[in-house]
1. I'm told B:Phe27 meets every condition in (1) within 30 Å of B:Ile205 (Cα to Cα); (2) in contact with a Ser or Thr (Cβ under 8 Å, 6 or more places away or on another chain) except one. Can you identify the failing condition by its number?
2. So which of B:Ile115, B:Ile93, B:Ile98, B:Ile162 is over 23 Å from B:Val48 (Cβ atoms) and aliphatic (A, V, I, L, M)?
3. Tell me the residue from B:Lys87, B:Lys82 that is more than 25 Å from B:Val168 (Cα to Cα) and either among the β-branched types (Val, Ile, Thr) or in the same structural domain as B:Met140 (by TED's automatic domain parsing) (or both), please.
4. Being of a type in the set (Lys, Arg), in the same structural domain as B:His137 (by TED's automatic domain parsing) and surrounded by fewer than 21 Cβ atoms within 10 Å (Cβ to Cβ) narrows it down to one of B:Lys105, B:Lys29, so name that one.
5. If the Cβ limit is 6 Å and pairs must be 6+ apart or interchain, which residue in region B:53-71 that is under 13 Å from B:Cys108 (Cβ atoms) pairs with which residue that is surrounded by 14 or more Cβ atoms within 10 Å (Cβ to Cβ) and of a type in the set (Ser, Thr, Tyr)?
6. Can you tell me how many residues within region A:103-133 are touching a Leu at 6+ places or on another chain (Cβ under 7 Å), of a type outside the set (A, V, I, L, M, F, W, C) and crowded, with 24+ Cβ neighbours inside 10 Å?
7. Restricting attention to region B:33-62, which residues are touching a Lys or Arg at 6+ places or on another chain (Cβ under 9 Å) and among the polar types (S, T, N, Q)?
8. Anything in region B:175-221 that is β-branched (Val, Ile, Thr), facing chain A (nearest Cβ under 7 Å) and more than 17 Å from A:Gly157 (Cβ to Cβ)? List them, or say none.
Amino acid sequence: MSETSGYKTLLFEVNDGVGHLILNQPPSNRMSLEFFSELAAFTSNLQVMKDIRALVISGKGRHFSSGADLEELTVFLSPSYEEGEGRDETVKNFMNRNIETFRSLWECRVPVIAAIRGVCLGSASELAMFCHFRFCGDDALFGLPESTFGLMPGIGGVSRMVSLAGPAMALELALKGNTFGATDAIKYCLADRIIPKREVVSFALQFASSLPGNYRKEKSPLYLQRTVSHA
Amino acid sequence: MNLITPHTYEIRDRIAVITLNGPPGNFLKDPEFIPVDALKTLLIKEEVKGVVVTGAGKHFSGGASLEDLFAQANDAALLEEKMNSGKRLLEFIDVLEIPVIAAIKGICFGGGLEISLACDMRFCNSGALFAFPESNHNMMPGLAGSYRLSHRIGFPDSLKMILGGDMVNAEEALLMKLVDRIVHDSDPAEAAICFLTRITEGRSIPVINSILRAIRNAYVLTQEEALMEETRMFCELVAAESRRRQREEL
């Protein structure tokens with residue numbers, strides 16, 4: 001079953017109980033303002049989807065995503081500070097909506113698996129860190145380069161990195177803003193497994209399918225969510 | 001240069017290096033080893049981006065010397081006041097919104113270990129030794145050591161160290177995540193200065209402050225509050241960056 005109507009930047013399909021969300025603006029799958037709107041709409045639908053027992057997220061083509069377009073974001077966010085307070089609220093609402101969107105992945109009642117090939121930078125790394133699992137290709141490139149633009153990760157990247165990699169590593173990676181590859185990602189506990197790049201997505205889909213639909217008959221995927229969210 | 005106490009500091013390219021001074025043991029006569037206000041003034045005046053705390057000579061610090069401690073024991077109120085001053089200094093270092101690295105050679109015991117635990121990271125040489133020997137003398141760590149140690153390395157290992165008084169070497173410390181890096185081929189202080197210079201190069205103080213605050217918030221706020229704070233700081237940085245670009249264009 002395929003549902004692509006209404007989304008320009010996303011593709012979504014369900015096969016055999018496994019949902020597959022594809023970031024669909026190749027080659028970079030950059031996260032435009034339109035993408036953030038569509039992802040917000042998707043995640044609000046996600047809460048009520050009954051027919052999936054796991055969700056895989058990947059990028060179309062050779063990369064996961066190059067992250068948010070910081071130029072577009074700066075242009076969008078900056079006029080507000082001249083126009084006064086009303087617009088300021090719009091800016092905060094935009095950013096808070098994005099945080100809610102990413103948080104709803106972490107709080108999803110089914111396991112969410114990021115299947116990462118190629119570039120996964122900035123907001124893309126942030127999105128991936130809100131997933132429950134991260135499988136990456138040997139060619140994967142991660143990083144939070146926002147500090148190199150005079151900014152900081154804006155959608156929970158620092159918090160998530162502290163949870164996954166610890167405060168010392170989060171300090172180094174967020175301040176330095178360097179990119180790092182698959183092997184380092186495993187070392188920092190930011191990725192769970194390295195898979196040959198052409199097989200990452202199929203591995204993730206197979207892994208998702210092997211997850212039991214009901215962990216125990218009376219404790220559905222909610223059990224996983226409750227256990228994981230207490231970690 | 002000297003701060004009021006015997007300890008010294010120097011500024012190397014906006015990295016402050018504070019040296020605990022009194023080799024070989026660098027014992028701490030005063031828990032407030034630098035007056036908090038003096039430190040605060042220095043960091044602002046020199047626009048410091050990072051701090052390294054290290055020990056003069058072969059060791060970091062053996063902590064408080066027992067003679068000094070017993071000499072002060074008769075005046076309970078004074079002792080308590082001194083401990084509170086020391087705690088305020090360590091709290092200042094803990095919440096400071098620029099990175100602080102303890103660069104540890106040799107002995108790092110008791111109060112010395114408590115100082116290093118208030119820092120964001122700990123680098124050490126391969127000969128470093130860590131311990132809380134207080135319980136061997138029927139005492140306990142008095143500068144929030146118990147709190148900070150279990151926060152960093154978890155309860156079971158903390159029990160071993162604080163209750164058991166066990167000594168831990170560099171390799172064990174790395175495994176326990178008590179230290180973040182063992183420096184083999186150079187002085188840990190030099191490695192720390194190099195590291196801080198590298199990660200703060202080209203980063204403005206507001207960016208550094210925001211990132212450090214976001215890291216701390218991950219522990220002291222709920223996830224929801226921490227994330228909203230991150231948003232707020234991000235938007236402020238965007239506004240500042242946009243104003244900076246506009247000024248450049250004019």
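1. Of everything listed in (1) within 30 Å of B:Ile205 (Cα to Cα); (2) in contact with a Ser or Thr (Cβ under 8 Å, 6 or more places away or on another chain), B:Phe27 misses just condition (1).
2. Working: B:Ile115 fails: over 23 Å from B:Val48 (Cβ atoms); B:Ile93 fails: over 23 Å from B:Val48 (Cβ atoms); B:Ile98 fails: over 23 Å from B:Val48 (Cβ atoms).
Only one candidate qualifies: B:Ile162.
3. Of the residues listed, the single one that is more than 25 Å from B:Val168 (Cα to Cα) and either among the β-branched types (Val, Ile, Thr) or in the same structural domain as B:Met140 (by TED's automatic domain parsing) (or both) is B:Lys82.
4. Only one candidate passes the filter, namely B:Lys29.
5. Going by the 6 Å Cβ cut-off, the qualifying pairs are B:Thr54/B:Thr19; B:Gly55/B:Ser61.
6. 2
7. B:Thr54
8. If the condition is that a residue be β-branched (Val, Ile, Thr), facing chain A (nearest Cβ under 7 Å) and more than 17 Å from A:Gly157 (Cβ to Cβ), then B:Thr200 is the only one that fits.
The values are calculated or read from the model by the stated rules, or taken from the named source; none is laboratory data. Nothing here was measured: the structure is a model prediction, and the numbers come from that model. So basically every Cβ, Gly included, is an ideal-geometry build from the backbone, and we count neighbours across all protein chains shown.
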